[in-house]
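Notes follow once the structure below has been shown.
Laboratory data are not the source of any read-out in this text; all were calculated from the coordinates shown. Here the structure is a predicted model, which is why all the values come from computation and not from measurement. For neighbour counting, all protein chains shown are included, and Cβ atoms are generated from backbone atoms with ideal geometry for every residue, glycine included.
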Amino acid sequence: MSVPSRPPLLEVKGLRASYRGRGGPLGDGKSAILALEDVKFCVERGQVLGLAGESGSGKSTLARLLCQLKTPDGGDILLDGKPLGTMSKAEKHEYRRRVQMVFQDPSTTLSPRRSIRQTLLEPLSHFGIGSPPERERMAIEALESVDLEASAMHRLPHQFSSGQRQRISIARALLPRPDLLIADEAVSSLDVSVQARILGFLNRLRQERDIAILFISHDLAVIRQLADNIGVMLRGRLVEYASADALFSHPAHPYTRQLLAAVPDPDPGSGSSPHLANNETALGLAAITAHRDESAGCRFADRCPEAMRECHRIRPALRSRPGSAAHVVECHLDPPE
């Protein structure tokens, strides 16, 4: 008898979300701005999934849905195969313990009026983890795990550098012993040397604890240093998904290729890769995504230099690339198997 396969740690199926708009000059509040549409992917235990896309692509909305900070309009979020929508109150409480988030700005996690000790003890108390003496020990161990000393416990956030504050935020997120850590632009405000240190710590963390990480960033160069697989988002849709190696060596979607064009070459004398031809076009994309095009057709058609008539009329399906079932793309230009 065959043993049933274990479900992925996290599975997202057909996720959809919108925000209320002003609804015209009178602001009737009845219009909706679509933020996510039919998003689906899996995250396995110990895996790092990078999620890339320009500002307004829906990455942070997705993170908020996964952390129960916003309710989806449709679709399912499953943890160990169990849909979040069918969970009891107690199960949702346990879900929040198992799925923790690190935000871009540590000030959203660290209250300026609370000591680091108070900040670190709060999640342990909230989830009923350990006795009071054990919580003190666990808080100190969490600080030491991010290369900070126990003396930091009695200081306030403003007494630390931005990189140290972000490491404290990571320590706080790790204290409830999560299975999935969501890092939403967690290193984008840090300088390069501090970024490298945080990325190195996250990589060590997933190896030592088998923790899964959803790493969200607009910067593919940063994602490449950490991710096993990468998903590319555009105007609320996942338009390409592949292993990090496959996405960088054989990008299929024109939007992915333009994002890659914005990745700086670490060797200026090496010349540009064939698909990294137009830096100015790629760097100018971020200003164009405030509008959500709800019409039929590809959402990149109005900006795609390779667009055909079909691209403006028919929404492409997300399908596997020829010879690579794990590399999927939403594009008419990439032929089906």
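Sorted by average packing, counted as other Cβ atoms within 10 angstrom per residue and highest first, what order do 90-103, 46-59 take?
Values: 90-103: 17.6, 46-59: 23.3.
For the peptides 90-103, 46-59, the packing ranking is 46-59, 90-103.
3J(HN,Hα) couplings calculated from phi for the range 125-141 with the Karplus curve 6.51 cos²θ - 1.76 cosθ + 1.60 (θ = phi - 60°) are, in sequence order, 5, 4, 9, x, 9, x, 7, x, x, 5, 5, 4, 5, 5, 5, 5, 4 Hz; Gly and Pro show x.
Note on S115 and R6: their simple-model spin labels are 4.0 nm apart, each label 7 Å out from Cα toward Cβ. Residues whose amide H falls under 5 Å from that of V48, counting only those 5 or more places apart or on a different chain, are I213, D228, N229, with hydrogens built in the peptide plane. Taking label positions 7 Å along the Cα-Cβ direction at both D73 and I33, the computed distance is 1.3 nm, reported to one decimal. Each of K82 and A317 was given a label point 7 Å from its Cα along the Cα-to-Cβ line. The distance between the two points is 3.4 nm. Here the Karplus relation 6.51 cos²θ - 1.76 cosθ + 1.60, evaluated at θ = phi - 60°, turns the backbone of the range 251-257 into coupling constants of x, 9, 8, x, 5, 4, 5 Hz, with x for every Gly and Pro.
Applying 1/(1 + (r/R0)^6) with R0 = 22 Å to the Cβ-Cβ distance of Q159 and E134 gives a FRET efficiency near 0.25.
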